[in-house]
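The values are calculated or read from the model by the stated rules, or taken from the named source; none is laboratory data. The shown structure was predicted, so the numbers you read here are calculated from the model rather than taken from an experiment. Here the Cβ is made from the backbone with ideal geometry for all residues, glycine too, and neighbour counts use every protein chain on show.
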Amino acid sequence: MTGITSIADLLGSPVKQQTIQTQWLRNLSTAVSGTRGSISSDELAKQTQEFLQLLSAATRSGASDVDGAAYKPLRDFLEGVSRSRAQQGFTSAETAMFIFSFKQPLFEQLHAANGTNAAALAQDIWAATQLLDALGLHTIKAYQLSREDVIRRQQEDMLELSTPVVKLWDGILALPMIGTLDSARTQVVMESLLNRIVETGSEVAILDITGVPTVDTLVAQHLLKTVTALRLMGAECIISGVRPQIAQTIVHLGVDLQGVTTKANLADALALALKRTGYTVSR
Amino acid sequence: MDRIPILRMGEFLLVSIQVDLHDQLVLQLQDDLTNAVHRHAARGVLIDISAVEVVDSFIGRMISDISSMGRILGARTVLVGMRPAVAITLVELGLSLPGVETALTVERGMLRLRAENS
């Protein structure tokens with residue numbers, strides 16, 4: 001009799017399954033107590049119940065490979081559990097405890113079932129450990145993936161949020177840039193600005209870099225690319241919000257900003273843009 | 001083989017590219033346009049590329065070259081209506097088309113030509 005079948009036998013008996021579940025729930029509540037406690041005991045009971053049923057079904061097939069087809073429903077269930085925990089803000093350790101706190105009650109029952117047969121007990125415990133470790137790892141993997149999803153979504157949101165193209169005047173667009181400029185962001189900035197130029201038929205665009213903390217050669221190159229693309233489309237670009245520190249850096253780096261109009265602040269840039277488009281401002 | 005039509009409007013020439021460009025077509029356009037500028041003694045050339053969606057490095061360079069040739073023949077050349085995607089592609093290819101005049105629309109391109117010539 002291999003280890004897996006003895007686990008299947010254990011879980012096949014409703015009484016023993018009940019004992020394991022009670023013990024497991026107690027372990028879970030002590031392991032995760034003191035934290036947010038955002039999962040109700042009812043829900044935990046339901047999750048443990050479902051896990052036990054799925055595990056029972058999977059082990060009854062006799063397969064021990066967690067990546068196999070027999071464990072598919074169990075894997076899906078665990079992925080669902082870790083996804084919901086990741087969204088509720090549980091830590092990875094708390095998520096992993098769901099599986100690992102199941103070990104103790106299971107081992108106790110295996111111990112009771114084997115009596116004094118130490119060799120059989122060792123074999124069973126080894127099989128159970130392997131199985132639960134693999135399941136635990138799978139849970140963590142799913143947790144990690146869903147956290148990465150959250151991060152990716154937030155990054156996309158930030159990208160969208162930080163590149164608003166505003167219309168300042170008829171024929172004048174402004175793009176206040178906030179945060180560090182990298183290749184991905186410049187691409188988004190450029191695309192949204194160029195599209196707005198076409199939509200509004202604007203002739204002048206003001207790139208305001210007041211919110212850009214540092215300008216290095218790479219950022220300067222990105223800015224120049226945007227300016228060139230604008231010129232190719234037939235629009236003009238003014239860079240505003242150049243702080244004294246940035247002006248010094250640009251010159252020290254030897255970046256050639258010739259042919260690019262730059263102004264110290266947005267007001268000056270707007271005044272110039274109005275002049276270029278033929279408006280006169282009077283008090 | 002199809003050709004890109006070159007329209008004459010007074011002392012200006014209007015080239016509207018409404019098809020996807022390929023190498024042969026651009027070379028043909030280069031020939032036709034330089035001849036037309038010479039024949040009509042045109043003072044301005046307007047090239048509308050608002051329908052061009054795809055460019056490669058060769059076509060980008062040819063567009064730049066055609067503009068320069070027009071200038072050498074005494075006609076100011078204005079490139080109008082470049083699409084955002086095309087502009088980004090050219091910049092990424094390192095083709096910033098120095099010395100080429102640009103405008104957003106045909107109308108504005110015409111205004112530019114007229115303003116300079118009047």
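Every condition in (1) outside any loop (DSSP other than H, G, I, E, B); (2) crowded, with 18+ Cβ neighbours inside 10 Å; (3) more than 14 Å from chain B (Cβ to nearest Cβ) is met by A:D268 except one, and the failing one is (2). In region B:65-73 there is no residue that is within 13 Å of another protein chain (Cβ to nearest Cβ) and at pLDDT 90 or above. Whether any residue in region A:141-161 is touching a strand residue (DSSP E or B) at 6+ places or on another chain (Cβ under 7 Å), touching a residue at least 12 places away in the same chain (Cβ under 8 Å) and not charged (D, E, K, R) is what I want to check. Scanning region A:141-161 turns up no residue that is touching a strand residue (DSSP E or B) at 6+ places or on another chain (Cβ under 7 Å), touching a residue at least 12 places away in the same chain (Cβ under 8 Å) and not charged (D, E, K, R). Can you confirm whether region B:86-107 contains a residue that is among the hydroxyl-bearing types (S, T, Y), outside any helix (DSSP H, G or I) and more than 11 Å from chain A (Cβ to nearest Cβ)? Looking through region B:86-107, none of the residues is among the hydroxyl-bearing types (S, T, Y), outside any helix (DSSP H, G or I) and more than 11 Å from chain A (Cβ to nearest Cβ).
Which members of region B:94-106 meet the condition of being farther than 11 Å from A:R231 by Cα and at pLDDT 90 or above? Across region B:94-106, the qualifying residues are B:T105, B:V106. Output the residues belonging to region B:72-86 that are of a type in the set (A, V, I, L, M), touching a residue at least 12 places away in the same chain (Cβ under 8 Å) and either surrounded by fewer than 23 Cβ atoms within 10 Å (Cβ to Cβ) or farther than 12 Å from B:I49 by Cβ (or both). Within region B:72-86, B:L73, B:A75, B:A85 qualify.
Every residue, every condition in (1) part of a loop (DSSP other than H, G, I, E, B); (2) within 19 Å of A:T129 (Cβ to Cβ); (3) over 28 Å from the mean Cα position of the chain (by Cα); (4) at pLDDT below 80, yes or no:
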site	(1), (2), (3), (4)
A:I4	no, yes, yes, yes
A:T19	no, no, yes, no
A:R36	yes, no, no, yes
A:A45	no, no, yes, no
A:T59	no, yes, yes, no
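If you go through region B:32-67 and keep only what is among the hydroxyl-bearing types (S, T, Y) and surrounded by 15 or more Cβ atoms within 10 Å (Cβ to Cβ), you end up with B:T34, B:S50, B:S64, B:S67.
Can we say A:L175 is closer than 26 Å to B:T89 by Cβ and modelled with pLDDT of 90 or more? Criteria met by A:L175.
State all residues of region A:243-262 that are away from every other protein chain (no Cβ under 14 Å) and either acidic (D, E) or outside any loop (DSSP other than H, G, I, E, B) (or both); if no residue qualifies, say none. Result: A:P244, A:Q245, A:I246, A:A247, A:Q248, A:T249, A:I250, A:V251, A:H252, A:L253, A:T261, A:T262. Considered as a group, the residues in region B:108-118 that are surrounded by fewer than 23 Cβ atoms within 10 Å (Cβ to Cβ) and small (G, A, S) include one that is nearest to the other protein chains (Cβ to nearest Cβ), and that residue is B:A115. A search for C-beta distances below 7 Å between a residue of region B:3-29 that is exposed (fewer than 14 other Cβ atoms within 10 Å of the Cβ) and any residue that is modelled with pLDDT of 90 or more and among the polar types (S, T, N, Q), counting only pairs 6+ apart in sequence or on different chains, returns B:R3/B:Q28. From the list A:L175, A:L159, the lone residue that is farther than 22 Å from A:L78 by Cβ, under 19 Å from the mean Cα position of the chain (by Cα) and hydrophobic (A, V, I, L, M, F, W, C) is A:L159.
Here's the yes/no breakdown for (1) assigned to a helix (DSSP H, G or I); (2) surrounded by fewer than 19 Cβ atoms within 10 Å (Cβ to Cβ); (3) among the aliphatic types (A, V, I, L, M):
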| position | (1), (2), (3) |
| --- | --- |
| A:K72 | yes, yes, no |
| A:E79 | yes, yes, no |
| A:R83 | yes, yes, no |
| A:F90 | no, no, no |
| A:I99 | yes, no, yes |
| A:Q104 | yes, yes, no |
| A:L110 | yes, no, yes |
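The residues on offer are A:L218, A:L194, A:L274, and the sole one that is under 23 Å from B:R112 (Cβ atoms) and under 30 Å from the mean Cα position of the chain (by Cα) is A:L194.
Would you be able to say whether some residue in region A:230-242 is free of Cβ contacts under 8 Å to residues at least 24 places away in the same chain, within 38 Å of the chain's Cα centre (by Cα) and away from chain B (no Cβ under 14 Å)? Checking region A:230-242: not a single residue is free of Cβ contacts under 8 Å to residues at least 24 places away in the same chain, within 38 Å of the chain's Cα centre (by Cα) and away from chain B (no Cβ under 14 Å). Within this structure, A:S84 fails the test of being polar (S, T, N, Q) and under 22 Å from A:T22 (Cβ atoms).
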